[in-house]
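> I have a structure here, written as structure tokens, and I will follow up with some questions on it.
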Amino acid sequence: MSRARWVVGNWKMNGSFAANASLLAEVVGLPRDGANVGVCVPFVYLAQARQILADSRVALGAQDVSAQTAPGAFTGEISASMLADAGVAQVIVGHSERRQYHGETDALVAAKAAAALAAGLVPIVCVGETLAERDAGQAFEVVGRQVGAVVAALGESVSQVLLAYEPVWAIGTGRTASPEQAQEVHASIRAALGAAGATVPILYGGSVKAANASSIFSMPDVDGGLIGGASLVAADFAAIVAAL
Ligand code: 13P
């Protein structure tokens, strides 16, 4: 069975109303058959992006979601149902910057993925090892543990997520995993997903640029990319989509 192919931009904590308007004006035209496109924007820009993307095939995304499913006293949190209400289709969970700077655990990430699915959103579940873990020969073990937590929490519903392999040492460093390094981890993730592995898209993230996108996307278990810095420059993002 063929798997959907995606290029998703993760703007992280970047943007302004003025800059977003010109960037999104270019992004609206990028999706085509066989190349799905999404953008995950800061919460405060969701309404703006929704309006600009309204008649396009670009999927609107957020970068995080609360694990809490019932409304209530959770200052600063944003629930999955609020995101759905705001027109969001997909949401990143478990980005390494959340795991690293906000202490998010495998269990919390799995709960966020479950909350997203329950509200009808597609969670983009990020996994990946640090440089120290890779150097210690633990890359497969760490990624397997992170994926396993999500599989255990979601059961068969794991077939509805997008996975993203983002080696922490490749994020924002200009140092990308080689296509072969990405492929071998992607293959292990696919195996860890069980039956769902046949259909769940697995994206690669970490210093994907126009120049290296084609070789990474050509690997058999790489179904696209989750793009940070290069998603902020219209021409670069367009070239990456074209490479898919
Ligand atoms: P860069 O593309 O800037 O390395 O970021 C990757 C990333 O973290 C996407 O979520």
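> Is one or more of the residues making up the range 160-167 assigned to a helix (DSSP H, G or I) and touching a helix residue (DSSP H, G or I) at 6+ places or on another chain (Cβ under 9 Å)?
yes
> Does any residue of the range 176-188 turn out to be closer than 26 Å to MET13 by Cα and modelled with pLDDT under 95?
Taking every residue of the range 176-188 in turn, at least one turns out to be closer than 26 Å to MET13 by Cα and modelled with pLDDT under 95.
Residue by residue, here is whether (1) on the phi > 0 side of the Ramachandran plot; (2) out of contact with any His (no Cβ under 9 Å at 6 or more places or on another chain); (3) of a type in the set (D, E, K, R) holds:
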{"position": "GLY194", "(1), (2), (3)": "yes, yes, no"}
{"position": "TYR204", "(1), (2), (3)": "no, no, no"}
{"position": "MET219", "(1), (2), (3)": "no, no, no"}
{"position": "GLY225", "(1), (2), (3)": "no, yes, no"}
{"position": "PHE237", "(1), (2), (3)": "no, yes, no"}
{"position": "VAL241", "(1), (2), (3)": "no, yes, no"}
{"position": "LEU244", "(1), (2), (3)": "no, yes, no"}
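> Here is a further query. Between GLY120, GLY144, which is in a loop (DSSP other than H, G, I, E, B), more than 16 Å from the ligand (Cβ to nearest atom) and modelled with pLDDT of 95 or more?
GLY120
> If we scan the range 166-176, do we find a residue that is in contact with a Gly (Cβ under 7 Å, 6 or more places away or on another chain), of a type in the set (Phe, Trp, Tyr) and within 13 Å of the ligand (Cβ to nearest atom)?
no
> Determine, yes or no, whether VAL127 is at pLDDT 95 or above, within 16 Å of the ligand (Cβ to nearest atom), aliphatic (A, V, I, L, M) and in contact with a strand residue (DSSP E or B) (Cβ under 9 Å, 6 or more places away or on another chain).
yes
> Okay, moving on. When both residues are 6+ apart or on different chains and their Cβ atoms are under 6 Å apart, which pairs have a first residue that lies in the range 31-48 and is open to solvent by 50 Å² or more (accessible area, probe 1.4 Å), and a second that is part of a strand (DSSP E or B)?
ASN36/TRP6
> Does SER188 count as touching a residue at least 40 places away in the same chain (Cβ under 8 Å), away from the ligand (no atom under 15 Å from the Cβ) and surrounded by fewer than 21 Cβ atoms within 10 Å (Cβ to Cβ)?
yes
> Here's a follow-up. If you check ALA136 against the conditions, is it more than 16 Å from the ligand (Cβ to nearest atom), under 13 Å from VAL161 (Cβ atoms) and either surrounded by fewer than 18 Cβ atoms within 10 Å (Cβ to Cβ) or among the charged types (D, E, K, R) (or both)?
Answer is no for this residue.
> Tell me which residues, restricted to the range 204-214, are near the ligand (Cβ under 9 Å from one of its atoms) and under 17 Å from VAL185 (Cα atoms).
Selection gives GLY205, GLY206, SER207, VAL208.
> Go through (1) under 20 Å from GLU129 (Cβ atoms); (2) open to solvent by 30 Å² or more (accessible area, probe 1.4 Å); (3) more than 16 Å from the ligand (Cβ to nearest atom); (4) not hydroxyl-bearing (Ser, Thr, Tyr) for ALA198 and report which single condition fails.
Of the numbered conditions (1) under 20 Å from GLU129 (Cβ atoms); (2) open to solvent by 30 Å² or more (accessible area, probe 1.4 Å); (3) more than 16 Å from the ligand (Cβ to nearest atom); (4) not hydroxyl-bearing (Ser, Thr, Tyr), the odd one out for ALA198 is (1).
> Report those helices (runs of 4 or more DSSP H) wholly inside the range 33-109 carrying at least 1 residues which are of a type in the set (Lys, Arg).
46-53, 96-101
> Here's a follow-up. Of the residues ASP85, ASP106, only one is more than 25 Å from ARG145 (Cα to Cα), open to solvent by 10 Å² or more (accessible area, probe 1.4 Å) and charged (D, E, K, R); which?
Answer to the check: ASP85.
The values are calculated or read from the model by the stated rules, or taken from the named source; none is laboratory data. This structure is a prediction, so every number in the text was calculated from the model and none was measured. Every residue, glycine among them, receives a Cβ derived from its backbone with ideal geometry; neighbour counts consider all protein chains shown. In case anyone asks, the SASA skips ligands and DNA or RNA and just uses the protein heavy atoms, side chains included. Shrake-Rupley method; radii C 1.70, N 1.55, O 1.52, S 1.80 Å.
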